[in-house]
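J.: Next up is a structure, given as structure tokens.
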Amino acid sequence: MSAEPISQHDPDDPVEILRVLPERYHEQFRTEYAAAAQRAQRVEGYHELHQLLQLWRLRAATYAAPGYQDGLAAARAGDPRTSMPIERLLPDWDDRVRRHRRR
């Protein structure tokens with residue numbers, strides 16, 4: 001048996017996020033990542049960095065999806081086919097808002 005390293009794909013790797021993320025969002029990601037990495041130097045800040053990477057992984061996939069820009073433009077133009085109440089998408093929305101406000 002050889003002792004070769006196992007290559008594991010980490011979708012939350014900042015390099016992987018930048019690979020998927022359209023270039024127009026790179027500066028914003030780098031700025032937010034740098035701030036979260038600075039806070040993560042304290043043990044208490046680790047989870048914030050982890051959450052930021054998860055969020056940006058999802059954003060990268062969304063922003064890179066075919067049709068995203070067209071859908072965004074339609075939503076901004078008020079196209080009723082592009083909107084849905086947040087409470088329908090996230091049934092626990094009110095609970096999330098309350099938890100956030102308590103922080």
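The values are calculated or read from the model by the stated rules, or taken from the named source; none is laboratory data. Computed from a predicted model, the values in this text were never measured in an experiment. Note that we place each Cβ from the backbone using ideal geometry, even for glycine, and neighbour counts take in every protein chain shown.
Every residue, every condition in (1) aliphatic (A, V, I, L, M); (2) surrounded by 11 or more Cβ atoms within 10 Å (Cβ to Cβ); (3) out of contact with any Gly (no Cβ under 7 Å at 6 or more places or on another chain), yes or no:
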position	(1), (2), (3)
Gln8	no, no, yes
Leu21	yes, yes, yes
Ala77	yes, no, yes
Pro80	no, no, yes
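J.: Here is a further query. Checking the structure you have, find out if any residue of region 33-46 is in contact with a Leu (Cβ under 9 Å, 6 or more places away or on another chain), within 30 Å of Ser83 (Cβ to Cβ), surrounded by 10 or more Cβ atoms within 10 Å (Cβ to Cβ) and free of Cβ contacts under 8 Å to residues at least 40 places away in the same chain.
T.: Checked against the condition, which is being in contact with a Leu (Cβ under 9 Å, 6 or more places away or on another chain), within 30 Å of Ser83 (Cβ to Cβ), surrounded by 10 or more Cβ atoms within 10 Å (Cβ to Cβ) and free of Cβ contacts under 8 Å to residues at least 40 places away in the same chain, region 33-46 yields no hits at all.
J.: Let me ask something else. Scan region 26-45 for residues that are within 22 Å of Ala61 (Cα to Cα) and touching a Phe, Trp or Tyr at 6+ places or on another chain (Cβ under 6 Å) and report the count.
T.: Selection size over region 26-45: 1.
J.: Could you please find all residues in region 55-103 being among the small types (Gly, Ala, Ser) and either at positive phi or at pLDDT below 85 (or both)?
T.: Hits for region 55-103 are Gly67, Ala75, Gly78, Ser83.
J.: Among (1) touching a residue at least 24 places away in the same chain (Cβ under 8 Å); (2) of a type outside the set (Lys, Arg); (3) within 16 Å of Glu23 (Cα to Cα), there is one condition Thr62 misses while meeting the rest; what is its number?
T.: (1) is the only condition that Thr62 fails.
J.: Please specify each residue of region 46-71 satisfying the condition of being of a type outside the set (Lys, Arg) and touching a Phe, Trp or Tyr at 6+ places or on another chain (Cβ under 9 Å).
T.: Across region 46-71, the qualifying residues are Leu49, Leu52, Leu53, Trp56, Ala60, Thr62, Tyr63, Gln69.
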